[in-house]
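Readers should treat all values here as calculations from the given coordinates under stated rules, not as data from a laboratory. Keep in mind that this is a model prediction, so the values were computed, not measured. Cβ placement follows ideal geometry from the backbone for every residue including glycine, while neighbour counts extend to all protein chains displayed.
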Amino acid sequence: MWAGEGPLIFRPKHTSPEPPTSRQTQDAALEAIPWERLDAASRTKAEEVVAGATIFRRMLVEVIECHPQFFLFCVYHPEVVVNIWQVLGLSRMKLHPTPQGTYQVDDGLGTRCEMQFLFRSPELHLIYAQGSYEGPVLKRKVHGRALLVLHSPVQRQEDGKTWIACRLDTFLQMEPGAAEVLTKTLHPFIGRVSDYNFKQTARFVEELWLCGQRNPGQLERLASRLEGVPPELRQELVRLGQQGAGQVGHSSANADRSTSGGPALAGQAPLTQTGQGAPSAITR
């Protein structure tokens with residue numbers, strides 16, 4: 001059952017997957033959206049983005065070992081994950097929740113947007129973002145919208161391990177002019193960066209949870225260093241990260257991302273970060 005990337009039964013069975021941008025893949029992504037469960041305002045936003053999408057991309061599946069409650073905590077509170085990146089010196093990104101239930105995001109590299117959940121369930125999330133980019137890539141400020149569809153089915157094994165298969169479908173709509181540049185010139189580059197960032201973010205969540213399992217005290221110390229995160233969220237991070245602590249064994253999937261003291265949470269940062277990750281930064 002074990003092949004170094006999660007259980008074989010939980011990995012794609014086909015050896016020649018559809019291209020991540022194919023029409024067939026895009027149609028499948030559209031069918032997976034729970035249109036009938038969206039309210040009118042959310043459905044309108046989602047429909048407008050997919051109808052005028054400039055780029056569609058399906059990220060490769062990332063299978064991670066993580067407790068579902070901890071995973072959902074990280075999804076529902078992205079400001080906590082971003083603050084951890086900042087504390088570890090991995091990110092210039094800023095992300096702040098608003099009283100309206102949205103998130104203001106600044107990646108530090110020219111992209112600013114407002115993000116909100118249109119739909120949330122244990123294994124499916126729809127995220128809508130609207131904002132702009134101003135930087136050297138496109139030479140001028142351009143506006144756009146995105147719809148992110150995050151799938152996260154869970155499988156529990158008899159040995160007690162829990163695996164989550166993370167897959168992200170992205171619909172990106174850009175204003176005229178910028179759309180042509182993106183599709184003809186930058187699309188391959190954007191695809192590679194997106195794939196890498198998604199992979200590293202999923203692995204970071206896995207390593208954060210494994211740290212709580214193998215080194216509960218380190219997770220507590222990390223939580224105490226967070227700034228701008230309410231005490232109740234810091235406490236919840238520790239509580240969820242430590243549940244079942246000591247029951248997780250080292251596996252070959254994580255051996256190359258661990259040290260003798262447990263997972264190092266700063267091995268590789270997403271390309272949108274500063275890229276100056278330091279191994280074992282959590283122990284500082």
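Which of rounded, prolate or oblate describes segment 36-77 when judged by the alpha-carbon gyration tensor and an a/c cut-off of 1.5? Could you put the intermediate results ahead of the total?
Working: a/c = 3.46, a/b = 1.57, b/c = 2.20.
Cα axes put segment 36-77 in the oblate bin.
Going by how many other Cβ atoms sit within 10 Å of their own, how do His96, His125 line up, fewest first? Ranking His96, His125 by Cβ neighbours within 10 Å, fewest first, gives His96, His125. Within the same chain, aspartates and glutamates fewer than 8 places from Lys94 are excluded, and of the rest, those with a Cα less than 17 Å from its Cα are Glu79, Asp106, Asp107, Glu114, Glu134, Glu227. For a test of the definition: using alpha carbon positions, the gyration tensor, and the 1.5 limit on a/c, classify segment 30-173 as rounded, prolate or oblate. Oblate shape, in that a/c is at least 1.5 and b/c is the bigger or equal ratio.
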